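Colleague: Here it is, the structure, as structure tokens.
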Amino acid sequence: MGRTIAEVPEAARALKELFDTHRRVVFFGGAGVSTASGIPDFRSVDGLYRQQFDYPPETMLSHSFYEAHPAEFFAFYRTRMIAPGARPNRCHLKLAELERAGALSAVVTQNIDGLHQDAGSRTVWELHGSVRRNVCRRCGEVYGADWILARGHEEAGVPVCPACGGAVKPDVVLYEEPLDEAVIEGAVRAIFAADALVIGGTSLVVYPAAGLTRYFKGDALAIVNRDPTPQDATADLLISCDIAAAFDF
């Protein structure tokens, strides 16, 4: 393990130095990136997986549950997975700024909220898809998150494609589903070409996404996360403060 930092001012200085001294930085992020935007993460004390529901969240976010219990699935999806009032926080905005300045090559995210794009990031590899895209399984028509939210009054709250009457499915990777091959390939290319990798706001326990970090061959690995991760021992820079504050430089 390399240098460890817990204080915000020092963390911001260290991250700024990393970006100033590398040309091909990639950011690999998870749910912790969006907590400052009001979207709960999954595994922390206040996370989604610690809350009580009729079924475990892992069950309700599975492909088989979507097929067998569409009404319950969409009720959970609308209220827990879509956050219409969320706005990009300092981390999202700084990453977009760094990309515009040529200091960041790509964002690889496990998040499905679309906040990186709202902040202005252009090269974003969404490993788990996005709530911003909801696709008719029959004709392929794509609908936004607002359209899904507005369909809660339909029969059992299950959205139906107005173009053909087909079932609509969120373009998010549910449990029991594979990641998109094209997205994986793009993310791997970006990580492999990076001379520095900043991992932020993720527990690094969700696979196969967390396994993509093994393709990093550069010379500086930074991990920014409040809680320990399984890859901390490999980090050159380990930051354990709030990620939005750490990116305030």
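The values are calculated or read from the model by the stated rules, or taken from the named source; none is laboratory data. Keep in mind the model is a prediction, meaning the values are calculated, not measured. Don't worry about glycine lacking a Cβ; one is built from the backbone with ideal geometry, like all the others, and counts go over all protein chains shown. Heavy atoms of the whole protein, side chains included, go into the accessibility calculation; ligands, DNA and RNA do not. Shrake-Rupley method; radii C 1.70, N 1.55, O 1.52, S 1.80 Å.
Colleague: Search segment 2-27 for residues that are closer than 17 Å to VAL108 by Cβ and pair each with any residue that is surrounded by 14 or more Cβ atoms within 10 Å (Cβ to Cβ) and among the acidic types (Asp, Glu) when their beta-carbon atoms are under 6 Å apart and the residues are at least 6 apart or on different chains.
Modeller: HIS22/ASP195; ARG24/ASP195
Colleague: Also: Exactly one of these conditions fails for TYR215: (1) over 25 Å from ASN134 (Cβ atoms); (2) crowded, with 18+ Cβ neighbours inside 10 Å. Give me its number.
Modeller: (2)
Colleague: Wholly within segment 101-219, which helices (runs of 4 or more DSSP H) include no fewer than the required count, namely at least 1 residues that are among the acidic types (Asp, Glu) and in contact (Cβ under 8 Å) with a residue 12 or more places away in the chain?
Modeller: Numbers: elements: 115-119, 145-149, 181-193.
The qualifying helices (runs of 4 or more DSSP H) are 115-119, 145-149.
Colleague: Then there is this: Using beta carbons and a limit of 6 Å, which pairs, at least six apart or on different chains, have the first residue in segment 68-96 and closer than 30 Å to GLU176 by Cα and the second one not in a helix (DSSP H, G or I)?
Modeller: Pairs that qualify, where the first residue is closer than 30 Å to GLU176 by Cα and the partner is not in a helix (DSSP H, G or I), are PRO70/VAL158; ALA71/VAL158; PHE74/VAL158; MET81/VAL131; ILE82/VAL131; ALA83/ILE39; ALA86/GLY38; ALA86/ILE39.
Colleague: Okay, next question. Can you give me the number of residues within segment 170-202 that are open to solvent by 30 Å² or more (accessible area, probe 1.4 Å), more than 30 Å from THR21 (Cβ to Cβ) and in contact with a helix residue (DSSP H, G or I) (Cβ under 7 Å, 6 or more places away or on another chain)?
Modeller: Going through segment 170-202 one residue at a time, the tally reaches 3.
Colleague: Could you check GLY47 against (1) touching a strand residue (DSSP E or B) at 6+ places or on another chain (Cβ under 9 Å); (2) surrounded by 14 or more Cβ atoms within 10 Å (Cβ to Cβ); (3) at pLDDT below 90 and say which number it fails?
Modeller: Status for GLY47: all satisfied but (1).
Colleague: Right, something else. Please go through segment 85-102 and pick out each residue that is over 16 Å from the mean Cα position of the chain (by Cα), surrounded by fewer than 18 Cβ atoms within 10 Å (Cβ to Cβ) and modelled with pLDDT of 95 or more.
Modeller: GLU97, ARG100, ALA101, GLY102
Colleague: Report whether or not ARG137 is within 26 Å of PHE76 (Cα to Cα), of a type in the set (Lys, Arg) and surrounded by fewer than 18 Cβ atoms within 10 Å (Cβ to Cβ).
Modeller: yes
Colleague: Answer with yes or no whether LEU15 is at pLDDT 95 or above, under 21 Å from the mean Cα position of the chain (by Cα) and either of a type in the set (Val, Ile, Thr) or open to solvent by less than 60 Å² (accessible area, probe 1.4 Å) (or both). Quick ask: steps written out before the conclusion?
Modeller: Numbers: at pLDDT 95 or above: yes; under 21 Å from the mean Cα position of the chain (by Cα): yes; either of a type in the set (Val, Ile, Thr) or open to solvent by less than 60 Å² (accessible area, probe 1.4 Å) (or both): yes.
Yes.
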